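Trainee: Next up is a structure, given as structure tokens.
The values are calculated or read from the model by the stated rules, or taken from the named source; none is laboratory data. Nothing here was measured: the structure is a model prediction, and the numbers come from that model. Note: ideal-geometry Cβ built from the backbone for every residue, glycine included; neighbour counts use all protein chains shown.
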Amino acid sequence: MKGVSILYDERRKKRIVQIDMDAISKEPEAIEDLMDVLVAESRRGEPTISLDDYLTAKQHRK
């Protein structure tokens, strides 16, 4: 994406996102989408639950 740079550490792990401030004003939705992808990637491998299990647990908490 134009105006966005992802910087890596010495192990080639993503560490820093550099965003040109002009890019934010021109494409705010694209920046939000990029951030969503980065958060999802960082959570890869974490335990998950199904939506049905979540909704059931939420109902029992009320």
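Trainee: Considering only residues that are of a type in the set (Ser, Thr, Tyr) and exposed (fewer than 11 other Cβ atoms within 10 Å of the Cβ), which ones fall in the stretch 43-62?
Mentor: Thr48, Ser50
Trainee: Among the residues of the stretch 1-24, how many are surrounded by 10 or more Cβ atoms within 10 Å (Cβ to Cβ), at negative phi, modelled with pLDDT under 90 and not hydrophobic (A, V, I, L, M, F, W, C)?
Mentor: Adding up the residues that qualify gives 5.
Trainee: Right, next: Can you tell me which residue is farthest from the chain's Cα centre (by Cα) among those in the stretch 19-54 that are among the β-branched types (Val, Ile, Thr) and under 14 Å from Ile6 (Cβ atoms)?
Mentor: The residue in question is Ile19.
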